[in-house]
Structures are given as C-alpha cells and as structure tokens.
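Contents: one structure, followed by commentary.
The values are calculated or read from the model by the stated rules, or taken from the named source; none is laboratory data. The model shown is predicted, which means the values in this text are computed figures rather than measured ones. Cβ: placed from backbone, ideal geometry, glycine included. Neighbour counts: every protein chain shown. The accessibility values were calculated without ligands, DNA or RNA, using every heavy atom of the protein model including side chains. Shrake-Rupley method; radii C 1.70, N 1.55, O 1.52, S 1.80 Å.
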Amino acid sequence: LCYLPHCVFFLSFADEDKIKLAYAQSFGNPRELPLNFCARYISLMQNMTKVSVREDYAVEMCEKSFGVNVEQVCDPVFLVEPSQYDEMLPNTDIKLPNHYVLDFFLNPNEEKMNISKKIRNDLGLYEYLNFTDLDKPERFVEEFGGEKVESNSRIENLIYAYKNADFIVTDSFH
C-alpha cells in the first residue's frame, strides 16, 4: 500500500487484477528524473498495464528509469476540434481589455516577465493578462513581480483569453 499522495495517479487504489491505463502522461521538461523519484514510483509504474507519453524523450526516460516500455502519443488537447473549445466560451465570466498581451507561464520568473514587458512595450500593447497553472495559482503569484495574476479562474476564461489576445507569451505549448 502506498501512502504518497501521488500514488492515486498510478491507480494504486485499484485491485491488482484490474487493467490500469495512463494516456499521454508528461514529465514536464527534466533532463533526467531524480533517483529518489524513480525509487519511489518504479513499482507503481511497473504495475501499470499500459502507459503512453507526450514527449519523445519520455519514451527513453521511462525505459531507462522504470524499465517500462511506453508509446509516444498525441497530447489530448489536440484530439478535439477547435469548435469544441468554442462551445465553452459562453460560460466565461472574465472582462477582457480591447487589446492585450496574454502571459501564460507554468513556471513564471523574472526573466520571463522581463521578456513579456519588452514585447508589450515593442508592440505598444500595455494591457495584459497573466495566467498560470489553474490548479494552484497562488504558489506562483509572487513570481509575476507584483503584476496582477488571474488566479482562481476557470478554464473557460483562459480559453477565451487565449482566443482574443493580440499576442501570447508562454512557456507552454498548450
């Protein structure tokens, strides 16, 4: 039995005889996984029936770090038609400037904020919206250098902001 909070992502609660699938998993962008991470999760990874990953480097990483063969697949965000995202837009409750730069940083820092400010200045777009990880945005707010961050916003608002931005600065391909 695993007592780590992330064990649920490996379906550790399911009976041993159950099929356990994970589609399009991502490790972010590490050069290699820390040894303590591998040691902690190797048995859980090996207990999965089938795992697929988004990034090409993750295929080799899973084999090397966990002894598990995985397949690279398309990120699920690209499996739906754009019109399906548009269907979410009537549920927005965010007020947008007429013209703005959208910053979407999963890992905000001073360098990224300086780049965004330079782009805003160069484009003459002084209105902006800052978004970060919608799961727990408060942990990143300070990294935006005192600028307002759309925290506790809904995914519909982020999609709407993306669709209507004049320019987007991001550290994520989504």
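Looking only at segment 149-172, how many residues end up being in a loop (DSSP other than H, G, I, E, B) and touching a helix residue (DSSP H, G or I) at 6+ places or on another chain (Cβ under 9 Å)? Qualifying residue count for the region: 8.
Results for (1) in contact (Cβ under 8 Å) with a residue 24 or more places away in the chain; (2) of a type in the set (Gly, Ala, Ser); (3) in contact with a Pro (Cβ under 7 Å, 6 or more places away or on another chain); (4) open to solvent by less than 60 Å² (accessible area, probe 1.4 Å), shown as yes or no for each residue.
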residue	(1), (2), (3), (4)
Pro76	yes, no, no, yes
Met88	yes, no, no, yes
Thr92	yes, no, no, yes
Glu111	no, no, no, no
Asn114	no, no, no, no
Phe144	yes, no, yes, yes
Ser151	no, yes, yes, yes
Lys163	yes, no, no, no
Asp171	yes, no, no, yes
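What number of residues within segment 35-56 are touching a Lys or Arg at 6+ places or on another chain (Cβ under 9 Å) and open to solvent by 50 Å² or more (accessible area, probe 1.4 Å)? Number of matching residues: 3. Screening Tyr126, Tyr100 for residues that are of a type in the set (Ser, Thr, Tyr) and either modelled with pLDDT under 90 or open to solvent by 90 Å² or more (accessible area, probe 1.4 Å) (or both) leaves exactly one candidate, Tyr126. Taking (1) within 18 Å of the chain's Cα centre (by Cα); (2) not in a loop (DSSP other than H, G, I, E, B) in turn, Glu142 satisfies each apart from (1).
Taken together, the criteria exclude Leu11 from residues that are surrounded by 16 or more Cβ atoms within 10 Å (Cβ to Cβ), in contact (Cβ under 8 Å) with a residue 40 or more places away in the chain and more than 23 Å from Leu106 (Cβ to Cβ).
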